[in-house]
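Working notes, beginning with the structure itself.
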Amino acid sequence: MITGAGSGIGRASAKEFAREGARVLVADINFDGVRETAEHIQSAGGFARAVITDVADASSVKNLVEETLKAFPQVHVLLNNAARCAGYCATKGAIIALTKAMAIDYGKEVIRVNCICPGYIDSGLTQSYFEAQPDPGGARAVAGKLHALWRIGQPEEVARLAVFLASDEASFMTGSAVVVDGGFGSGLPPQG
Ligand SMILES: NC(=O)c1ccc[n+]([C@@H]2O[C@H](COP(=O)([O-])OP(=O)(O)OC[C@H]3O[C@@H](n4cnc5c(N)ncnc54)[C@H](O)[C@@H]3O)[C@@H](O)[C@H]2O)c1
C-alpha cells in the first residue's frame, strides 16, 4: 500500500513494485493522479487499485485501511510516502526517530521499519519549486550542482531503493535511515 502514489516518487514506486510482481493499492489526495497510476500499472499487465485518501485526515486513513483489507487478504509492505512540503525539515528528524522506535516496537513480530532520505528528486514537488523561481532552468541547474553527481535524482532511483528495502534482500535492515541523494550530503562539489 503506497500513499502519495499519484505523482513523483510514490507513482514510480508503485510502478516498480508492480513490475516486481506486487499487487499494489495506490492512495492519494489527488484521485485523477492516482487513478492514472493504477491505469499505467494495469495496462502493463499488473494489478493496482486506486483509493482517494488524505493522510492528514484520520477518518480518510481509516477508510484507506478498510479498502486495503477488502482488496487484499494480507498486507506485506506499507510505503508511507505522502507528505506536505511545509514542515518537511522540521519533521525529518522526527521521522527518523519514529522509524527507530517503530523498528524496536515491531521487530519481534518480524516487521521491519526503515526510512528513505532522498536528495533533490525530479518530481511534482521540485517542479513546482523550480517553476516558482525567476529562472526555472537556472534554479534546476543550481540544485543539480548541490549534489556530488551534479544532477538531481529521478523518482525511479528512489523507487528501486524502496523495493530493495521491502524485499528479503534487506532482511537484516530495520530502524535504518537510508540515504539516496547523489551525494547531496557530502559537501559542495567544485563549482564552475
Ligand atoms: N522530491 C524531492 O526532492 C524530495 C526530497 C526529499 C523528500 N521528498 C518526499 O518524498 C515524498 C514524495 O514527494 P514527491 O517528490 O514524489 O512529490 P510529488 O508532489 O510529485 O508527489 C506527492 C504526492 O503526494 C500527494 N499528497 C500530498 N498531500 C497528500 C495527503 N495529505 N494525502 C494523500 N496524498 C497526498 C500529492 O497529491 C502527490 O501526488 C514526500 O513525502 C516528500 O516530502 C521529496
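A short reminder: the numbers here are calculations on the coordinates, not readings from a lab. Quick caveat: nothing in here was measured; it's all calculated off a predicted structure. Glycine also receives a Cβ, built like all others from the backbone with ideal geometry; neighbour counts cover every protein chain displayed.
Say we look at region 117-143 and pick out the residues that are near the ligand (Cβ under 8 Å from one of its atoms) and not in a helix (DSSP H, G or I); which of these is nearest to Ser7 (Cα to Cα)? Applying the filter and picking the extreme gives Ser123.
Restricting Ala22, Ala18 to residues that are surrounded by 14 or more Cβ atoms within 10 Å (Cβ to Cβ), out of contact with any Lys or Arg (no Cβ under 7 Å at 6 or more places or on another chain) and in a loop (DSSP other than H, G, I, E, B) narrows the list to Ala22. Of all residues in region 44-72, those that are hydrophobic (A, V, I, L, M, F, W, C) and either surrounded by fewer than 16 Cβ atoms within 10 Å (Cβ to Cβ) or part of a helix (DSSP H, G or I) (or both) total 10. Failed condition for Ile52, given (1) within 16 Å of the chain's Cα centre (by Cα); (2) within 10 Å of the ligand (Cβ to nearest atom), with all others met? It is condition (1) that Ile52 fails. The conditions of being touching a residue at least 24 places away in the same chain (Cβ under 8 Å), more than 14 Å from the ligand (Cβ to nearest atom), under 20 Å from Val158 (Cβ atoms) and aliphatic (A, V, I, L, M) are met by Ile41.
Here Ile96 meets each of (1) in contact with a helix residue (DSSP H, G or I) (Cβ under 7 Å, 6 or more places away or on another chain); (2) assigned to a helix (DSSP H, G or I); (3) of a type in the set (Val, Ile, Thr); (4) within 13 Å of the ligand (Cβ to nearest atom) with one exception, condition (1).
Taking the condition surrounded by 15 or more Cβ atoms within 10 Å (Cβ to Cβ), more than 7 Å from the ligand (Cβ to nearest atom) and closer than 21 Å to Ala159 by Cα, does Val75 pass?
no
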